[in-house]
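Worksheet: the structure to be examined is printed underneath.
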Amino acid sequence: MKRLVVILALLAVGLGGFAQSVSEATVVKRENRKGMTIKEWNTMAGSKRAFLDHVTVYDEMGRKIEEIEYASYGQKSRVVSEYPPNSDVTAKVVREIEYNDRDKVVRIRKFEYNEDGTKKRQLNYYPNGKLESVKTFEVIYKD
């Protein structure tokens, strides 16, 4: 465990420039998605009729704010992503609300992050606010 902490500390110091360039790449990528909506269409083999399969919506800062999955019968699920108020383009998702095919909330996910921006924990709640489960993320760097 001590070895992992030392490695993480060295990586944080040694890769500071790398982390900054990754962050800058993320900003550029988001810049290209400002206000964008991507629609994915699917066609079954032997058919010429296409149906809407997936929609991803980005906000004016290029952050993903909504993702809708469809089946041939219509909406299958929808996830709305929320960011901290007054945050910039580098902000991480703090909460996701998942809806079912009838547009009713089925799950709420809240996220916590490590200082390096990697996910630390995901807390899953029922629609009534009761905690359902906790997912913990472990980041391991190879020697």
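Bear in mind that the values in this text are calculations on the coordinates, not laboratory data. None of the values given here were measured: they were computed from a predicted structure. All Cβ positions, even for glycine, are placed from backbone atoms using ideal geometry, and neighbour counts span all protein chains on display.
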Worksheet item: R0 = 25 Å: FRET efficiency of residue 45 with residue 100, Cβ-based, nearest 0.05?
Response: 0.35
Item to complete: Work out how much length residue 115 to residue 92 would gain on full extension: take 0.36 nm times their residue separation and subtract the Cα-Cα distance, in nm to one decimal.
Response: 7.1 nm
Item to complete: Tell me the trypsin sites (Lys or Arg not before Pro) within the range 41-84 that lie in a loop according to DSSP and have at most 12 other beta-carbon atoms within 10 Å.
Response: 48, 49
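Quote the FRET efficiency, to the nearest 0.05, computed for residue 31 versus residue 132 with a Förster distance R0 of 41 Å and r equal to the Cβ-Cβ distance.
Step by step, r from the Cβ atoms, then E = 0.70.
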Response to the item:
Taking 60, 82, 96 and counting other beta carbon atoms within 10 angstrom, the fewest-first order is 60, 82, 96
Worksheet item: Ordered by packing density, taken as the mean number of other Cβ atoms within 10 Å over each peptide's residues, highest first, how do 33-42, 128-137 rank?
Response: 33-42, 128-137
